[in-house]
Amino acid sequence: MRVLTCLVEFHDLRLVALAALVCLGGGFVTISLCLRARERTGLQRAGWIFMAAVAAGCSVWCTHFIAILAYRIDVPAQYDPLWTFASLLVPILGAAVAFQFAFHRRPVHSLAAGALLGLSVAGMHYLGMFAYRVDGIVSWDMGYVLASVVVAVLAGGLFMIALDADRRWIAFAAFTTCVVGLHFTGMAAVSVYPFAVDAGAPSGVEALAVAVTGGVLLLLGTGVASHLVDSDVTEQNVEVLRRLALSDTLTGLPNRANFVNHLEVELARAGAEGRHLAVAIIDLDKFKEVNDVYGHEAGDTVLRMVATRFAGQLHEGELIARMGGDEFAAVKRYAANDELHDFSARIERALTDAVRLDEFEILPSGSIGISVFPEDADTSVRLIGNADLAMYRAKAEVARSTCFYDASMDEHARERRDLAAEMRSALEQGRFAVHYQPQADFGTGTVLGYEALLRWNHPVRGMIAPAEFIVLAEETGLILPLGEWVLRTACTEAVGWEPHLRISVNLSAVQLAHGDLPDLVEKVLRETGLRADRLELEITETAIIRNRAKALHVMERIRTLGVSIAIDDFGTGYSSLATLRSFPFDRIKVDRSFVRDLASEPQSLAIMRAVLALGRSLNISVMVEGVETAAQLKTLQDEGCTQAQGYYFGYPLPPDRLPHSVPLAASA
């Protein structure tokens, strides 16, 4: 009752209402800043805690002194400026320590921090009362003093616990109770007995009013500043996220999503203006081999430099993006064909200069496919798809790097899809066959073994050459079950041959990259009963170079089974001495192109001599492919070669028609 009596009889209720309003506003700002601080870390958290502490301290201080101004006892009062200012620092420092301590996120920490906050509010109140000087005697009721401190500590603890639990309204009520409850309970403890009333004595009320106004402005400034800072940070974060979502992190170019959005806008604009729109798809040629030979870091450098060159070739209204991997896409709105040809020429120009990597130079090249709106398509999806088809046509035609879409490409793509579907059906229905070509020792006229060669007898198209479907099988992944079938069929057939005859089976790069290839070979040998030393696997160096470390590991595992490994098509692609030194080959198979040109090109004969000498030096047997004439055979015999394969010794035939002997060299 004494608290209510003090409030009603000794206070100006208008100023009390103002003090309560300041307290409520300060509590709202304080809670908002605390919640922002809790979401931050490091220096950002420290900054938000500081602003929250300033807001809390100012709201407590302003509430107290506005309420003091509302205290009416008809006794002149003055305010010591030093202690009045000190009373502002106490709640700011106390709140800063309490907020920092509370963010450990444990209830006991929150309770302790709340108690500290309550004590700092009480400290501010009684330090402010110490600065309150009247011409009389001030007595204190220690019971109410103690009660005011208990109210502040309990309410402060509730405030911090509710804040930690994200119960904002409870925290808001607790903060208000802590400040207002302490003040008016503490004021109930005060009794003033004046010596005399001097109406002319200075009261110091004006100075205090100015100070309180400054505190309120500081509180408001803290709230406004925090809002502006948070809004700016949010906008910056949104902008960063937007850039990340729409940009390629490696090259800085727009990404696929950005490109598609831009293309949709440009399509609508071109349609409205009656203009043309070109979409170009650019794919870097043999880029994977750059990664394999020089490493992914070098590949990233090439991509960045090529992207920079592309960007440097753009004119106003054009855009180029990285679609992923080594594929880029560009778009241009144009009116005349000259503009389109200039656009494609500038894209090609970006790929003409070499990229320098330490002591190496890489000459980038690319295949470019272009489709045009509205002639080729009227939607973004079809434009990109048609440009993609044109790009693959450009990649297939070595003579030109840029290809424009035409309708026949759709037919070609449809044929490839149909062929892939028919290939799956053929494997399921047993329409594939394995033919065998003899591998000869023409010095003795004996057959050393046979190479297994896949054949597809199509019910409509007849016999389809492997060159037409093997690449497609690799692209679709069908090469894995198809290759397993060839291996199993060839091993099963070879079991019935003479025990000295070996069987050679070609491996695709896709099979070599598959981790379970050694397990598959071991399983097939076990299930068919073929001795491991009768099986030879042929691998091209192009297949090896895609992942040298993995290829070496796979081949070493296969060799531990007792299976031989031959390097096929040697002399083409990336053949090098380093490959022969690094990998455990048992045989070198020289590509047929060198045999074909033996009589007409001295360089081919020189290379053949070098390879034969290399084989002898490394103790690796050498077999020459593509022998078709007696003259070729005689040349090889003169150079010391005794193993060969080709039409001269026999065509690939079904297993029931295989020859068991071959012509001798002497009969040539």
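Label zone of Glu415 (point 7 Å out along Cα→Cβ, amide N under 17 Å): in region 458-501 this covers 458-473. With respect to the cross-link table entries Lys286/Lys523; Lys523/Lys589; Lys288/Lys395, which display a Cα-Cα separation exceeding 25 Å? Beyond 25 Å: Lys286/Lys523; Lys523/Lys589. The label point for Lys286 and the one for Ser191, both projected 7 Å from the Cα toward the Cβ, are 10.4 nm apart.
Cα convex hull, region 427-667: 132 Å³ per residue, rounded to a whole number. Our coupling estimate for region 481-494, obtained by passing each phi through the Karplus curve with A = 6.51, B = -1.76, C = 1.60 and θ = phi - 60°, is x, 5, x, 5, 5, 4, 4, 5, 5, 5, 5, 4, 5, 5 Hz, Gly and Pro reported as x.
Scaled against the 2.2 N^0.38 Å expected of a compact globular protein of N residues, the Cα radius of gyration of region 289-334 reads 1.34. Between region 318-394 and region 255-281, the alpha-carbon centres lie 14 Å apart.
Around the amide H of Gly646, modelled in the peptide plane, lie the amide H atoms of Gly626, Val627, all under 5 Å away and 5 or more residues distant in sequence or on another chain.
Counting every other Cβ atom within 10 Å of each residue's Cβ, Ile558, Ile170, Ile545 order from fewest to most as Ile170, Ile545, Ile558. Counted residue by residue at 0.36 nm each, then reduced by the alpha carbon distance between them, the extension gain from Leu427 to Val471 reaches 14.3 nm.
Rounded, prolate or oblate: which fits region 363-453 when a ≥ b ≥ c are the square roots of the eigenvalues of the alpha-carbon gyration tensor, with rounded for a/c under 1.5 and prolate only if a/b beats b/c? It is oblate, given that a/c is not under 1.5 and a/b is not larger than b/c. The simple Förster model, with R0 at 60 Å and r as the Cβ-Cβ distance, assigns Arg609 and Thr249 a FRET efficiency of 0.70. Exposure proxy for Phe159, Phe259, Phe432: other Cβ atoms within 10 Å of each Cβ, ordered fewest to most, give Phe432, Phe259, Phe159.
A simple rule links phi to the HN-Hα coupling: the Karplus curve 6.51 cos²θ - 1.76 cosθ + 1.60 with θ = phi - 60°, which for region 642-650 gives 10, 10, 8, 8, x, 5, 4, 9, x Hz, with x for Gly and Pro. Note that region 256-406 carries a Kirkwood radius of 15.7 Å, evaluated over its alpha carbons pair by pair.
With R₀ fixed at 25 Å, the C-beta to C-beta distance from Ser139 to Leu13 puts the FRET efficiency at about 0.50. Our note on the geometry: Cα centres of region 424-482 and region 116-131, 94 Å apart. If you take the square roots of the eigenvalues of the alpha-carbon gyration tensor of region 579-668 and sort them as a ≥ b ≥ c, do you get rounded (a/c under 1.5), prolate (a/b over b/c) or oblate? It comes out oblate by the Cα gyration axes.
Coordinate-derived values only; no laboratory data. Predicted, not measured: the structure shown is a model, and the values here were computed from it. Note that each Cβ is placed from the backbone with ideal geometry, even for glycine, and that neighbours are counted across all protein chains shown.
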